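The values are calculated or read from the model by the stated rules, or taken from the named source; none is laboratory data. Because the structure is a prediction, the values reported are computed rather than measured. Positions of Cβ are generated from backbone atoms using ideal geometry, with glycine treated the same way; all protein chains shown enter the neighbour counts.
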Amino acid sequence: MFGKRSFIHETAQKPTAPFLAPAPQAGQSIILAPVVAQPAPVIPARPQASVRTEEYYALKSQVFAALIEVIDVAQLGLMDPVQARAEIGVIVNEIIAAKKIVMSITEQEELLRDICNDILGYGPLEPLLARDDIADIMVNGADTVYIEVGGKVQKTDIRFRDNIQLLNICQRIVSQVGRRVDESSPICDARLPDGSRVNVIAPPLAIDGPTLTIRKFKKDKLTLDQLVKFGSITPEGAQILEIIGRVRCNVIVSGGTGSGKTTLLNCLTGYIEPGERIVTCEDAAELQLQQPHVVRLETRPPNLEGEGQITMRDLVKNCLRMRPERIIVGEVRGSEAFDLLQAMNTGHDGSMGTLHANSPREALSRIESMITMGGFSLPSKTIREMIVSSVDVIVQAARLRDGSRRITHITEVLGLEGDVPITQDLFVYDIHGEDAQGNVIGRHHSTGIGRPRFWDRARYFGEEKRLAAALDAAGEAAETAAA
């Protein structure tokens with residue numbers, strides 16, 4: 001069935017009863033007869049937790065090597081996944097019987113599951129990818145795998161057969177989005193089909209073997225209401241963010257690594273009107289917009305000859321020719337900041353992007369630095385005037401020392417006073433200490449601003465009453481908490 005599975009015992013006569021070939025002699029490959037009547041084994045959807053021993057990995061390698069000899073992986077890839085797993089199950093059972101390996105049914109199912117994952121999926125990563133409570137998967141070579149659960153990093157007992165298997169799985173992941181990772185191109189950004197972010201760095205840059213990092217996305221998209229339940233923001237703050245998204249404010253989501261910038265950007269885009277045309281630009285497509293009129297663009301790395309690269313700036317500049325109503329940039333890292341500001345300033349209100357910074361004021365400095373590094377010979381005051389006239393709101397996210405994530409600032413950009421950008425905070429998160437379990441204790445509070453700068457914009461979209469009610473409620477909540 002796989003194209004490579006030939007059987008010396010087959011004849012032209014009527015098929016005989018199923019049988020197994022005798023155990024192979026030294027140096028002889030395993031050739032098995034087809035088993036027609038034997039039903040395919042049932043593979044449980046979720047693996048049971050078990051401790052893997054060296055004997056288990058040695059046995060798995062032995063069975064896997066025998067399996068590879070009798071199947072054609074290329075033909076296998078053309079089959080339906082369910083049918084392919086069933087076929088692999090039949091052959092693995094035959095190999096176990098031929099080698100006279102003593103295993104329980106549970107152990108055999110576990111071995112079969114691992115082998116199917118190695119051939120058809122992502123190998124030892126499959127059970128981790130199936131868990132929705134894991135935020136990050138960090139593979140530091142074949143023998144070391146860490147995960148982040150609940151903001152805490154912990155080591156697992158999962159390992160790969162060797163660095164070759166790990167590199168093959170990395171190749172399988174990045175090839176799905178038309179990218180490659182090898183010695184000539186050892187660094188690669190990619191994504192899984194569900195949008196999870198993937199970074200691979202291979203030898204010779206990674207000394208101890210290929211390093212794979214996966215930032216997992218939850219299957220159920222988070223909303224602002226869920227962020228309120230998690231304590232990331234207050235209900236009043238969430239309502240103000242909702243209004244900011246609706247009234248087409250230009251928003252920059254700022255924060256450190258792992259602070260939840262992309263998740264927050266997804267939440268804000270949830271309040272864009274369904275009729276608006278949105279164009280997204282990303283290095284690896286991660287955003288999960290639910291609107292019907294979305295065009296998703298993704299950068300492209302150079303080919304083997306070093307040609308054909310499409311940068312983020314190329315995408316943002318092309319967006320302006322695609323009649324977008326909003327432009328969403330997944331992450332602003334370089335000179336594309338200039339083109340994004342140009343877009344915000346030329347009728348594409350409601351555009352959004354994320355960048356790395358530790359505070360709203362630092363975010364403004366980072367934008368200026370990225371434009372300067374892009375080679376634009378503009379005076380500093382001109383760049384700052386462009387920034388303050390383009391960016392309306394900066395939303396700051398932070399990951400605290402206990403692993404929790406909070407929206408720490410909702411800040412307006414007012415303008416320039418001399419050469420200095422002026423900002424005002426609408427919402428701030430203050431840390432008061434920590435409890436006996438090490439959890440950070442803090443409180444969101446309103447700064448008492450009654451009429452933010454985007455008040456007229458809210459009135460234009462008919463949201464001024466809701467905005468006023470949210471600000472009043474936030475002020476009352478702050479007074480009650482202070483009392």
**Item:** Hey, Leu268 within 17 Å of Ile394 (Cα to Cα) and aliphatic (A, V, I, L, M) or not
**Value:** yes
**Message:** Between Lys152, Lys100, which is over 25 Å from the mean Cα position of the chain (by Cα) and either farther than 30 Å from Ser184 by Cα or modelled with pLDDT of 80 or more (or both)?
**Reply:** Lys100
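Any chance region 346-353 includes a residue that's under 17 Å from Phe427 (Cβ atoms) and assigned by TED's automatic domain parsing to the domain that holds Ser254?
The first filter runs over region 346-353 and keeps only residues under 17 Å from Phe427 (Cβ atoms), leaving none.
So far as region 346-353 goes, no, none of its residues is under 17 Å from Phe427 (Cβ atoms) and assigned by TED's automatic domain parsing to the domain that holds Ser254.
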**Message:** Can you list residue pairs whose Cβ atoms sit under 6 Å apart, with the first residue in region 321-346 being farther than 14 Å from Met386 by Cβ and the second being among the hydroxyl-bearing types (Ser, Thr, Tyr) and assigned to a loop (DSSP other than H, G, I, E, B)? Count only pairs 6 or more apart in sequence or on different chains.
**Reply:** Arg326/Ser351; Ile327/Ser351
**Message:** From the list Ala142, Ala135, exactly one residue is outside any helix (DSSP H, G or I), more than 20 Å from Leu166 (Cβ to Cβ), under 29 Å from the mean Cα position of the chain (by Cα) and touching a residue at least 60 places away in the same chain (Cβ under 8 Å). Which is it?
**Reply:** Ala135
**Message:** Checking Val181 against (1) buried (at least 17 other Cβ atoms within 10 Å of the Cβ); (2) at pLDDT 90 or above; (3) among the aliphatic types (A, V, I, L, M): exactly one of these is not met. Which one?
**Reply:** (2)
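Every residue in region 412-470 that is hydrophobic (A, V, I, L, M, F, W, C) and in a loop (DSSP other than H, G, I, E, B), please. Break it down into steps so the answer makes sense when it comes.
Here is the first cut: in region 412-470, the residues hydrophobic (A, V, I, L, M, F, W, C) are 413-414, 416, 420, 422, 426-428, 431, 436, 440-441, 449, 454-455, 458, 461, 467-470.
Answer for region 412-470, where residues must be hydrophobic (A, V, I, L, M, F, W, C) and in a loop (DSSP other than H, G, I, E, B): Ala436, Ile449, Phe454, Phe461.
Do we have Arg215 as over 27 Å from Ala363 (Cβ atoms) and of a type outside the set (Gly, Ala, Ser) here?
no
Looking at Asn199, is it modelled with pLDDT of 90 or more and either surrounded by fewer than 16 Cβ atoms within 10 Å (Cβ to Cβ) or more than 30 Å from Ile410 (Cα to Cα) (or both)?
Working: modelled with pLDDT of 90 or more: yes; either surrounded by fewer than 16 Cβ atoms within 10 Å (Cβ to Cβ) or more than 30 Å from Ile410 (Cα to Cα) (or both): yes.
Against the criterion (modelled with pLDDT of 90 or more and either surrounded by fewer than 16 Cβ atoms within 10 Å (Cβ to Cβ) or more than 30 Å from Ile410 (Cα to Cα) (or both)), Asn199 qualifies.
Given Gly475, Gly448, Gly415, Gly433, which one is surrounded by fewer than 15 Cβ atoms within 10 Å (Cβ to Cβ), touching a residue at least 24 places away in the same chain (Cβ under 8 Å) and in contact with a strand residue (DSSP E or B) (Cβ under 9 Å, 6 or more places away or on another chain)?
Values: Gly475 fails: surrounded by fewer than 15 Cβ atoms within 10 Å (Cβ to Cβ); Gly448 fails: in contact with a strand residue (DSSP E or B) (Cβ under 9 Å, 6 or more places away or on another chain); Gly433 fails: touching a residue at least 24 places away in the same chain (Cβ under 8 Å).
Only one candidate passes the filter, namely Gly415.
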**Asked** What pairs come up if the first residue lies in region 207-227 and is assigned to a strand (DSSP E or B), the second is surrounded by fewer than 21 Cβ atoms within 10 Å (Cβ to Cβ), and their beta carbons are under 6 Å apart, counting only those six or more places apart or on different chains?
**Response** Thr211/Asn140; Thr211/Ile201; Thr213/Met138; Thr213/Asn199; Ile214/Ser196; Arg215/Asp136
**Message:** Pairs needed: first member in region 363-381, within 20 Å of Ile394 (Cβ to Cβ); second member anywhere, of a type in the set (A, V, I, L, M) and surrounded by fewer than 14 Cβ atoms within 10 Å (Cβ to Cβ); C-beta distance under 7 Å; at least 6 residues apart or different chains.
**Reply:** none
**Asked** Here are some conditions: (1) out of contact with any strand residue (DSSP E or B) (no Cβ under 9 Å at 6 or more places or on another chain); (2) of a type in the set (D, E, K, R); (3) in contact (Cβ under 8 Å) with a residue 40 or more places away in the chain. Glu273 meets all but one. Which one does it not meet?
**Response** (3)
**Message:** Looking only at region 314-334, count every residue that is crowded, with 19+ Cβ neighbours inside 10 Å and either in contact with a helix residue (DSSP H, G or I) (Cβ under 6 Å, 6 or more places away or on another chain) or farther than 17 Å from Cys188 by Cβ (or both) and tell me the total.
**Reply:** 9
**Failed item, numbered, when Asp157 is tested on (1) farther than 17 Å from Tyr56 by Cα; (2) loosely packed, with under 14 Cβ neighbours inside 10 Å** = (1)
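Being in contact with an Asp or Glu (Cβ under 9 Å, 6 or more places away or on another chain) and at pLDDT 85 or above is the filter here, so list the residues in region 209-228 that pass it. Spell out how you get there, then give the answer.
Looking only at region 209-228, we keep the residues that are in contact with an Asp or Glu (Cβ under 9 Å, 6 or more places away or on another chain), and these are 209, 213-220, 224, 226.
Of everything in region 209-228, those that are in contact with an Asp or Glu (Cβ under 9 Å, 6 or more places away or on another chain) and at pLDDT 85 or above turn out to be Gly209, Thr213, Ile214, Arg215, Lys216, Leu224, Gln226.
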**Prompt:** When you scan region 307-322, how many residues do you find that are assigned to a helix (DSSP H, G or I) and either within 17 Å of Phe376 (Cβ to Cβ) or in contact with a His (Cβ under 6 Å, 6 or more places away or on another chain) (or both)?
**Reply:** 5
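Could you please give the count of residues in region 277-295 that are modelled with pLDDT of 90 or more and not in a strand (DSSP E or B)? Explain how you work it out, then say what you get.
Initially, region 277-295 is screened for residues modelled with pLDDT of 90 or more, giving 277-281, 293-295.
Still in the running and not in a strand (DSSP E or B): 277, 293.
So the answer is 2.
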**Selection within region 70-88 - assigned to a helix (DSSP H, G or I) and either under 32 Å from the mean Cα position of the chain (by Cα) or at pLDDT below 75 (or both)** = Val70, Val73, Ala74, Gln75, Leu76, Pro81, Val82, Gln83, Ala84, Arg85, Ala86, Ile88
**Prompt:** Listed residues Ile394, Ile367, Ile387; which is over 14 Å from Gly255 (Cα atoms) and not charged (D, E, K, R)?
**Reply:** Ile387
